[in-house]
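Peer 1: The following block contains the structure, expressed as structure tokens.
The values are calculated or read from the model by the stated rules, or taken from the named source; none is laboratory data. In this text the structure is predicted, and so the values were computed from the model without any measurement. Note that we place each Cβ from the backbone using ideal geometry, even for glycine, and neighbour counts take in every protein chain shown. Surface accessibility is based on the protein's heavy atoms, side chains included, excluding ligands, DNA and RNA. Shrake-Rupley method; radii C 1.70, N 1.55, O 1.52, S 1.80 Å.
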Amino acid sequence: MNDIKLTMLGNAGAGKSALVVRFLTKRYIGEYASTSESIYTKQMTIEGRQTKLRISDPCAQVTDELQKADGFLVVYDISHRASFVFARTLICRLRETSAQMCKRDAETVVFLIGNKQDLSHMREVTWEEGQKVALENRCQFYEVSAAEHCQEVAAMFTTIIRNIALNIKIRERRRPSGSRSMAKLINNVFGKRRKSV
């Protein structure tokens with residue numbers, strides 16, 4: 001069974017927990033007062049393989065979990081510009097941390113999510129602004145409403161999970177696997193010089 005670990009990041013009130021609960025239960029709960037990290041798990045079948053999904057929703061916005069997550073969902077509220085600025089800062093921090101750990105740079109998958117599309121009459125952040133920040137920071141971008149669009153939220157999470165599963169598969173192909181890879185490496189280095197006796 002494969003494990004996929006996601007971490008939700010974003011300003012308080014951006015709707016991180018609402019998105020996760022909407023995806024997992026199809027229910028919408030508008031108010032959360034969390035003072036501790038929440039961890040959600042779900043068994044899924046992705047690309048014909050059993051997958052255990054683990055979604056971490058820390059109350060403190062820390063990025064030291066970089067090594068533990070396969071992907072980050074950075075959420076902001078489209079009707080609250082400060083949450084967008086905070087999301088942009090988080091993405092920059094993730095990218096900086098990732099660059100310092102060079103080998104993981106290609107493995108860190110970040111998604112920028114504009115939530116509360118149902119409040120578009122109070123919009124402070126345009127779709128174009130979100131898309132621009134996502135492009136500048138090599139992120140995928142979504143804009144959804146946890147309150148109104150259950151199917152869109154489910155489709156978004158499913159696409160995100162598939163993308164991460166594909167990224168993990170590519171990463172595993174690049175990684176040497178045990179003695180066979182070592183034998184191949186030794187053969188590549190010394191094999192051409194060897195002559196039959």
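Peer 1: Output the qualifying pairs, or none if there are none: Cβ atoms under 7 angstrom, residues six or more apart or on different chains, first residue in the stretch 33-47 and at pLDDT 85 or above, second residue assigned to a strand (DSSP E or B) and basic (Lys, Arg).
Peer 2: Once the first residue is at pLDDT 85 or above and sits in the stretch 33-47, its partners that are assigned to a strand (DSSP E or B) and basic (Lys, Arg) give 39/54; 41/52; 41/54; 43/52.
Peer 1: What is the number of the single condition among (1) among the aliphatic types (A, V, I, L, M); (2) farther than 17 Å from residue 11 by Cα; (3) in contact with a His (Cβ under 9 Å, 6 or more places away or on another chain) that residue 125 does not meet?
Peer 2: Going through (1) among the aliphatic types (A, V, I, L, M); (2) farther than 17 Å from residue 11 by Cα; (3) in contact with a His (Cβ under 9 Å, 6 or more places away or on another chain) one by one, residue 125 breaks only (2).
Peer 1: Oh, and also: Exactly one of these conditions fails for residue 146: (1) at pLDDT 90 or above; (2) in contact with an Asp or Glu (Cβ under 7 Å, 6 or more places away or on another chain). Give me its number.
Peer 2: So residue 146 meets the others, but not (2).
Peer 1: Suppose we filter 94, 19 for residues that are modelled with pLDDT of 90 or more and either open to solvent by less than 30 Å² (accessible area, probe 1.4 Å) or not in a strand (DSSP E or B) (or both); which single one remains?
Peer 2: Of the residues listed, the single one that is modelled with pLDDT of 90 or more and either open to solvent by less than 30 Å² (accessible area, probe 1.4 Å) or not in a strand (DSSP E or B) (or both) is 19.
Peer 1: Could you list, in sequence order, the residues of the stretch 118-144 that are closer than 13 Å to residue 80 by Cβ and in contact with a Ser or Thr (Cβ under 7 Å, 6 or more places away or on another chain)?
Peer 2: 119, 122, 123, 124, listed by residue number.
Peer 1: Find the residue count for the stretch 72-91, including only residues that are β-branched (Val, Ile, Thr) and buried (at least 24 other Cβ atoms within 10 Å of the Cβ).
Peer 2: 3
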